[in-house]
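Some notes on the structure that comes next.
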Amino acid sequence: MVDLSIDFCGIKSPNPFWLASAPPANSAYQVQKAFEQGWGGAVWKTIGAPVLNVSNRYGTIDYKGAKIIGLNNVELISDRPINTNLKEISEVKRNFPNHAVIVSVMVESKKEAWQEIIKRTQETNCDGFELNFGCPHGMSERGMGSAMGQDPQYTQMVTQWVMEVATKPVIVKLTPNITDIVVPARAAVAGGTNALSLINTINSIMGVDLNTFELRPNVGGKGGHGGYAGMAVKPIALHMLSSVANDSIIQQAKVPISGIGGIETWQDVAEFMLLGATSVQVCTAVMHWGFRIVEDMIDGLSNWMESKNFNTVYDFIGKSLPRISSFGDFDLGFKSAAKINQDKCIQCNLCFIACNDAAHQCIDLQSMQMDEGFQKMFPVVRENDCVGCALCASVCPVNDCISMVEVESHRPHITWNELIKSKPEVLEWDKMEEYRQKSNIHIH
Amino acid sequence: MVEHVKSNRNKIWELSLEDRFKEVYPPLSDKEAQTEAMRCLYCYDAPCIKACPTDIDIPTFIRKIATANVKGSAKTILESNLLGGSCARVCPTQELCEGACVMGSEHKPIMIGRLQRYACDYSASHNIQHFKPLPNNGFKVAIVGTGPAGLACAGELAKLGFDVTCFEKNSLAGGLSTYGIVVFREPVEVSLAEVKQIEALGVKIETNKALGKDFTLNQLIKNYDAVFLGIGLGNVPQLNIPNDKVVIDGLEFIAATKIKDLNTLKIGKRICIVGAGNTAIDCATIAKRLGAQRVTILYRRSEAEMPCYYFEYEFALSEGVGFMFLTQPISINLDFNGQIESLNCVRMDLQNESINGRRISRPVPNSEFNLPCDMLITAIGQNKHHDILDNLNQLGIDIESGYIMVDKHTNQTKHPKIYAGGDCIRLKGEASTVAAVQDGKIAAKAIYENLVSAKVKKVEVKNNG
Ligand SMILES: Cc1cc2nc3c(=O)[nH]c(=O)nc-3n(C[C@H](O)[C@H](O)[C@H](O)COP(=O)(O)OP(=O)(O)OC[C@H]3O[C@@H](n4cnc5c(N)ncnc54)[C@H](O)[C@@H]3O)c2cc1C
Ligand SMILES: Cc1cc2nc3c(=O)[nH]c(=O)nc-3n(C[C@H](O)[C@H](O)[C@H](O)COP(=O)(O)O)c2cc1C
Ligand code: SF4
Ligand code: SF4
Ligand code: SF4
C-alpha cells in the first residue's frame, strides 16, 4: 500500500485531495459527507464581507456531446451568516480531527477587518487559512478578491496583516487574471505566507443566446464577466503552477503549493503534483459528478504510484519541474519526423489535409487499387521535408497510428542562446542563411 | 493496411472449424472501451446497479475504464462478483443491467457486459491479485460443487479468513461455466482462470470427489463448521419414448465441444433437438457450427411459450437453425444397425389451460408424421439429485419439487449447519450464473455472521459479564 498522506506546511491531511473553496465546501453537511467519501481536506467556502447573490449563477460550455468542459459563475463568497459558518467549522473539526479544514477568508482592505476575522476564525480550531485574493467578479468591484491579488503591494500588505495575528498556517490563493503570476506569488512570500494556492477562476463571458441576444448566464436580461473554471482551464493552471514552482525566490522560501484548476481525474492530479503541487483542490468536477469521484482519484493514483514504485507522494512531487525550460534552451539539433503505421491507418486523410493546408506540405497521397475495383488514397510522409511540427499526429483519429520519431538531423546540437552568444551575426538574415547552409538546415 | 472490405465474420460456413468456436464477440480494443466508457453518464444511484443481481457498482467501474484505471475497474467488479469474467460473457444483459441503462431511451444502452469483460480480462491476463484474505478465523467450511454458486461462496469465505475446501465430482472445477456454456460464448480457459483466482485466495479444491459416493453428508457435518451445497442440477431426463437409448444428452453434447478436440467429434447430417430452452438453443447452434446440414428444434408449444430468451431465438435463427413448433416426437425408428433413422412425431394444439403461466399443449388426433433424423439431442430440463435430496430430507430439510428450500436472506436450510445456493434452490425465477454467484455471496455473509460475528458477540458478553 502506498502512503498518500501529506504535511502541507504543518497542515496534516490523509491524502492530497481537497475540496476547493466553492459551493461543494459550503456547509458542514457537505464537507462531512465529502470526508466520509474519502476527501482528505476542504477549503471552506470563503467567509467574510456580507453579500447578496443573484440567479442564474452559472454558464457552461459543452463540446460534441461532453457536458461542462468549462463553467463560469457570478457567485459571490458565502452568503450564509458568519456565525453559522464558524459554528459549523468547529463542528466539522470536532468530528474529523484528522482531516484538513482550511478556512478561506476575504474582507475589505482594512487591517482591523482582516485581523478580526482571522482571530474569530482561529477559535474554530481550523487547521489553517486561505486568503482569497482571486475572486474576479462582484467582490473585485468592491476592492476585494482579485483587486487585491492583482496589486502586488496590496497582496504583500494584507498578507503581513494576517501573519501578525495568525497562529495557524496561511495560504495565499492567487488570481490568474494577471500577466505574470510569479509577481503576486513573490509578493505573498514577501508578506510571509506559509503556502500558495492557484488558480482561482479566469475572467470570461460564456456566450450569447442567438435567439434572445441574452448573455449566459442570464441574470434577468443582463450578464457580465464571471469566473471561468473546469477542465478547459487546466493547461493554464499547469503553466501558472509550474512557473511559480520553478521560481528561485519561491523555491528558497520553501512554501508548498496547492494546485487548482480543471482537476477531474487521478491523472490530472498526478500531472499537477509532478509540476510541483503538494495538494490539489477541486470544484467544478465535484459540481458535475458529486463527491464520489474521489474514490477513483485515490484508487487510480495509488495504482499508478505502485506501478511506478513510488511509496509516498513526496517521491514524485515536482519530478517534472526540472524539464521545464524555455525556448532559448531547446536543442535546435533535435529533429523528429512523422511516421505513419500503415497497418493502423484507416485512410481518413485528415493528416494530409492538415499538413497540406496548415503545415508544410510534406504528406503525399498515393493511390491503391482495391479488390472491389475502386481506388483509395493513402498518406505517405516525405520524411526529409517533414519539419516535425506534430500537427498530423495531433489530428489522426487512430491511437498510435502516427508517431513522431526522433531522426538524425545532421545538424549541430546547439541552443538558440548558445548560438547567438557564439555567432551573434546570425541575427542578420544573410548570415542566418549562411549558417543554415552550413548546418544542414533547409527550409522551403 | 486496414482494408475496408467487409469481413465474413457472420458467414459461419466460410470459417474454419476452430474459428467457428472462437468467442462470437471479439474483445473491445482500448479505444473502443474508452470511447464506450466515456458515453456512460456516471448516473447517481444508477438503475443499472439495481438490475445487476450481484449489485456491481457499474458507473464506478466504467468511470475507471475512462480514466485508464483498468486495474481499479476490475477490482470494483470483483469486489461484488468474483466471477465477473464469466458473467460479463454469459449474463443476459439485455434483461439485466443493459436493459435498465438510462441511455437506452435516448440512444443505445452502454455495453456494460463487454466493458466488464474488458476490465476482467485485463485483470486475468496481468494475473492481478486484488484481495488479501483476512487472517484465519479458525472455522472450516465444506463446499459441495464448484459451479458459480460454490466458487463464489468459497471465494467470499476465503476472503473473510475461513478455511475452505471444495468437493467436485467432475475432473475440472467450474460447473456449467466449464462444461455447459457454449465455447463461443465462454471459452473453458476463462472459467478455469477464475477457478485459479479462487484457489489463489486459499481455497482448496478436491476434484473427482462426489458427495454420496466418496463421502457422506454426515461426515461433512461432523468435520466442518458449515456446509454449502452448490450441486446444481443433474443430467437431462429421458424422453421416455420407444428406443430412447440412442438419444444424446444435450449437456453431454455441449460438454464434448468444450473439452474435446473439435475434429474428433461425430456429428449427424439431420439433427433434431427436443426442447426450446437455453440448452436447446446452445445445442442447436453448436450442431450447426460443427457442420450439420439441417438442425431443427422440435418444441411442443409455440414461439410464445419458449423458455429461451428472445435474443437467443434470434441468434439461433441467424445461425440457420430451423424450428418446428407444436411438434412432439413419440417414437424413434432405428435402421438395421441400430442407428437412428427417423422420428415419428405428432402435431400439438395449444389449450386454454396453463401451468405456471404457460399454455399447455395436447396432441392433435391422427396428425402423426415421419421426420428423417440421424441424431436426436434432448434438452428438456435437468434431473434432480434425488439421493442427496432424500438424504437432506432425512436431516429435516424441506425439499419442494426437487429443490432445496432455504431462507432467502441467508440461504440457510432448516439444518443450522447446511446452506445451499444456485440452480439446486432455484424453484422460482431464472436459473443463471449471476444469480448463482449472488446465492453464494449471501450464504458466505450469513456463515460469517452466524459463526464469526456470533463468536465476537459471545466474547463481548463474557467480558462485560
Ligand atoms: C447449456 C446451458 C447454458 C446456459 N447458459 C447460460 C447463460 O448463457 N447465461 C446464464 O446466466 N446462465 C446460463 N445457464 C445457467 C447457468 O449455467 C447455471 O444457472 C449456473 O451454472 C448455476 O450454477 P450452480 O453453481 O448452481 O450449478 P452448476 O454450474 O451446475 O455447478 C454444480 C456443480 O456441482 C457439482 N456436483 C453436482 N453433484 C455433485 C456431488 N454429488 N458431489 C460433488 N459435486 C457435485 C457439479 O459437477 C458441478 O460442478 C446455462 C445452463 C446450461 C445448462
Ligand atoms: C461557483 C463557484 C464559486 C466559487 N467560489 C469561490 C470562493 O468563494 N472562494 C474561492 O477562493 N474560490 C472560489 N471559486 C474558485 C474555485 O475555488 C477554484 O479555484 C476554481 O473553480 C478552479 O477549480 P476547478 O476547475 O476545479 O473548478 C469558485 C468557483 C466556482 C465555480
Ligand atoms: S440544482 Fe438545485 S438549486 Fe440549482 S437550480 Fe437546480 S434545483 Fe435549483
Ligand atoms: S490521419 Fe491517421 S488514420 Fe487518417 S489517413 Fe492520416 S495516418 Fe491514416
Ligand atoms: S444506467 Fe447506463 S449510463 Fe447510467 S451509469 Fe449505468 S451504464 Fe452508465
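The values are calculated or read from the model by the stated rules, or taken from the named source; none is laboratory data. Keep in mind that what you see is a predicted model, and the values were worked out from it rather than measured. Neighbour counts run over all protein chains shown; Cβ positions are idealised from the backbone, glycine included. Accessible surface is based on the protein model in full, side chains and every heavy atom, while ligands, DNA and RNA are left aside. Shrake-Rupley method; radii C 1.70, N 1.55, O 1.52, S 1.80 Å.
Quick look at the numbers
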item	result
Dipole magnitude of the protein assembly as shown, debye to nearest 20 (Cβ charges: Lys/Arg +1, Asp/Glu -1, about Cα centre)	1580 debye
Average accessible surface area per residue within the protein assembly as shown, 1.4 Å rolling probe, Å²	47 Å²
B:SER16 - accessible surface, heavy atoms, 1.4 Å probe, Å² rounded to 10	50 Å²
Peptide B:64-73, shielding by other chains (average Cβ, 10 Å cutoff)	6
Chain B: relative contact order in percent, alpha carbon pairs under 8 Å with at least 6 residues between	15 percent
Geometric extent, Cα atoms of segment B:12-125 - Rg, Dmax (angstrom)	14.2, 46
Extended-chain gain in nm, criterion 0.36 nm per residue less alpha-carbon gap, A:ASP329 and A:PHE213	36.9 nm
Charge context of A:GLY226, other residues only, Cβ under 11 angstrom, K/R +1, D/E -1	+1
Percentage relative contact order, segment B:358-465, counting C-alpha pairs under 8 Å, at least six apart	16 percent
Rounded if a/c under 1.5, otherwise prolate or oblate - segment B:244-378, Cα gyration tensor axes	oblate
For chain A: relative contact order, % (alpha-carbon pairs under 8 angstrom, 6 or more apart)	13 percent
Hits among lysines - C-alpha to C-alpha of A:LYS421 under 23 Å, sequence gap 8 or more where chains match	A:LYS335, A:LYS431, A:LYS438
Per-residue [θ]222 nm for chain A (sum of -39500 (n - 2.57) over DSSP H runs n ≥ 4, rounded to 500)	-9000 deg cm²/dmol
Value of Rg to Rh for the protein assembly as shown (Rh from inverse mean 1/r over Cα pairs, i.e. Kirkwood)	1.06
Counting DSSP beta bridges with both ends in the protein assembly as shown, the antiparallel % (nearest 5)	45 percent
Antiparallel DSSP beta bridges within segment A:6-321, as percent of all bridges there, nearest 5	35 percent
FRET efficiency for A:HIS444 and A:HIS410, using Cβ-Cβ distance with R0 set to 22 Å, rounded to 0.05	0.80
Selection of trypsin sites (Lys or Arg not before Pro), segment B:328-429, meeting DSSP coil and at most 14 other Cβ within 10 Å	B:LYS408, B:LYS414, B:LYS428
Residue pairs, from the table B:LYS258/B:LYS384; B:LYS408/B:LYS457; B:LYS50/B:LYS75; B:LYS222/B:LYS428, whose Cα atoms sit over 30 Å apart	B:LYS222/B:LYS428
Which of A:SER302, A:SER307 is most accessible, then next, and so on - probe 1.4 Å	A:SER307, A:SER302
Under 19 Å from A:LYS168, Cα to Cα: aspartates and glutamates that are on another chain or at least 8 residues apart	A:ASP7, A:GLU88, A:GLU91, A:GLU112, A:GLU116, A:GLU123, A:ASP127, A:GLU130
Members of segment A:265-304 that become less accessible by 50 Å² or more once partner protein chains are added (1.4 angstrom probe, chain alone as reference)	A:TRP289, A:ARG292, A:ASP296, A:ASN303
B:SER318 versus B:LYS260: modelled label distance in nm, points set 7 Å from Cα along the beta carbon direction	2.9 nm
Cα-based reach from B:LYS445 at 18 Å (exclusive), listing aspartates and glutamates while leaving out same-chain residues under 8 positions away	B:ASP55, B:GLU79, B:GLU156, B:ASP163, B:ASP225, B:ASP407
Cα-Cα over 25 Å, subset of B:LYS204/B:LYS462; A:LYS308/B:LYS71; B:LYS204/B:LYS441	B:LYS204/B:LYS462
Prolate/oblate/rounded call for chain B, Cα gyration tensor, a/c under 1.5 rounded	oblate
Fluctuation leader among A:PHE374, A:PHE334, A:PHE213 - chain A, Gaussian network, Cα springs under 10 angstrom	A:PHE374
Shielding by partners, peptide A:361-373 (average Cβ within 10 angstrom, other chains)	1
Ranked by how many other beta carbons lie within 10 Å on average, peptides A:378-390, B:63-75 from highest	B:63-75, A:378-390
Per-peptide average of other Cβ atoms within 10 Å, ordering A:20-29, A:353-362 highest first	A:20-29, A:353-362
Label point distance in nm, B:ASN356-B:GLU460, each placed 7 Å from Cα along Cα→Cβ	4.4 nm
Ellipsoid semi-axes in whole angstrom, largest first, where each is sqrt(5λ) of the Cα gyration tensor of segment A:327-416	29, 12, 11
Estimated dipole of chain B in Debye, rounded to 20 [Cβ of Lys and Arg +1, of Asp and Glu -1, Cα centre]	700 debye
Highest to lowest packing among B:280-286, A:345-351, scored as the average C-beta count within 10 Å	B:280-286, A:345-351
